[in-house]
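The values are calculated or read from the model by the stated rules, or taken from the named source; none is laboratory data. This one's a predicted model, so the numbers in the text were calculated from it and none came from an experiment. Here the Cβ positions follow ideal geometry from the backbone for every residue, glycine too, while neighbour counts run over all protein chains shown.
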Amino acid sequence: MAVSRIGVLGGAFDPPHLAHRALAQTAVNRLGLSQLRVLPTGQAWHKTRTLNDARHRLAMTELNFVDLPGVVVDEREIRRAGPSYTIDTVRELQDEHAGAEVCVLMGLDQALALPSWKDWEKLVAQAIICVADRADSASPKAMSEEDHASLLQARLKHLPPGRWRYLPMPLMPISATDIRHRLAHRQPLDGLVSPAVARYIDQHHLYTHA
């Protein structure tokens with residue numbers, strides 16, 4: 001079957017957590033994706049800290065997403081030499097799936113920082129930027145999706161209308177930074193990561209140092 005719309009969800013996944021799963025499920029359902037490619041980054045050009053070993057991040061990412069229909073864990077950015085740039089991944093996917101529309105998923109903070117990305121204007125021209133944001137963050141819960149999208153457009157003036165979409169997300173205040181902090185201080189991870197990821201972290205003694 002031809003692939004008509006591909007989602008791209010990149011990240012360090014250091015470690016992957018339940019909010020990543022929720023984003024993947026929401027994207028597949030709301031965006032009508034033929035498939036969602038989840039790509040652990042290789043060399044993260046925008047991060048100052050050293051990432052955990054790629055083989056561990058890849059293994060945890062596979063455990064985190066393995067049972068989600070339509071989701072494929074893609075190793076290309078880990079295998080790629082040098083820094084990982086989203087524009088390169090988008091071009092490769094378009095070469096592999098001629099005519100497919102590519103949707104790049106990112107949070108609001110990333111969308112606001114998009115002008116710092118390599119070839120960001122070309123990225124916006126070649127892919128649809130799908131901005132995941134909590135519908136109830138800093139706004140009345142009664143606000144419609146259309147009104148929230150309008151609110152976002154005022155903050156995302158660098159993104160032309162028609163080249164981005166609002167992807168409403170449930171309130172899930174989970175971050176990999178907080179998870180690493182909890183692990184370094186031997187605090188529980190209940191409700192933050194999947195049981196399979198928690199077991200992998202424990203078996204490989206990851207994130208034991210602050």
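If only residues of segment 143-164 that are more than 19 Å from the chain's Cα centre (by Cα) and not in a helix (DSSP H, G or I) are counted, the one that is farthest from Ile128 (Cα to Cα) is Met143.
In segment 102-127, the qualifying residues are those that are surrounded by fewer than 18 Cβ atoms within 10 Å (Cβ to Cβ) and closer than 16 Å to Arg5 by Cα, and the one that is farthest from the chain's Cα centre (by Cα) is Ala125.
Here is a yes/no grid of residues against (1) more than 30 Å from His209 (Cα to Cα); (2) not β-branched (Val, Ile, Thr):
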{"site": "Arg49", "(1), (2)": "no, yes"}
{"site": "Ala100", "(1), (2)": "yes, yes"}
{"site": "Gly107", "(1), (2)": "no, yes"}
{"site": "Ser116", "(1), (2)": "yes, yes"}
{"site": "Ile128", "(1), (2)": "yes, no"}
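Remark: pairs (first residue in segment 165-184, within 13 Å of Arg134 (Cβ to Cβ); second residue part of a loop (DSSP other than H, G, I, E, B) and of a type in the set (S, T, N, Q); Cβ separation under 8 Å; 6+ apart in sequence or on different chains) = Leu171/Ser137. Here is the figure for segment 3-27: residues that are assigned to a loop (DSSP other than H, G, I, E, B) and at negative phi total 7. Take the conditions (1) farther than 18 Å from Ala127 by Cβ; (2) among the small types (Gly, Ala, Ser); (3) at pLDDT below 95; Ala98 misses just one of them, which is (1). Answer yes or no as to whether Glu75 is surrounded by fewer than 20 Cβ atoms within 10 Å (Cβ to Cβ), acidic (Asp, Glu) and at pLDDT 95 or above. So Glu75 passes the test.
The condition of being within 20 Å of Ile201 (Cβ to Cβ) and either touching a Cys at 6+ places or on another chain (Cβ under 6 Å) or at pLDDT 95 or above (or both) holds for Arg57. Residues in segment 177-193 that are over 21 Å from Glu62 (Cβ atoms) and assigned to a helix (DSSP H, G or I): Thr177, Asp178, His181, Arg182, Ala184. For Arg30, state whether it is charged (D, E, K, R), part of a strand (DSSP E or B) and under 25 Å from Val124 (Cβ atoms). Criteria not met by Arg30. Regarding His148, is this residue under 26 Å from Ile174 (Cα atoms) and either touching an Asp or Glu at 6+ places or on another chain (Cβ under 6 Å) or not basic (Lys, Arg) (or both)? Considered against the rule, which asks whether it is under 26 Å from Ile174 (Cα atoms) and either touching an Asp or Glu at 6+ places or on another chain (Cβ under 6 Å) or not basic (Lys, Arg) (or both), His148 comes out as yes.
I'm trying to understand the selection: among the residues of segment 194-210, which are assigned to a loop (DSSP other than H, G, I, E, B), in contact (Cβ under 8 Å) with a residue 60 or more places away in the chain and out of contact with any Phe, Trp or Tyr (no Cβ under 9 Å at 6 or more places or on another chain)? Within segment 194-210, Ser194, His204, Tyr207 meet the criteria.
Quick one: would you say Ala22 is surrounded by fewer than 21 Cβ atoms within 10 Å (Cβ to Cβ) and more than 16 Å from the chain's Cα centre (by Cα)? No.
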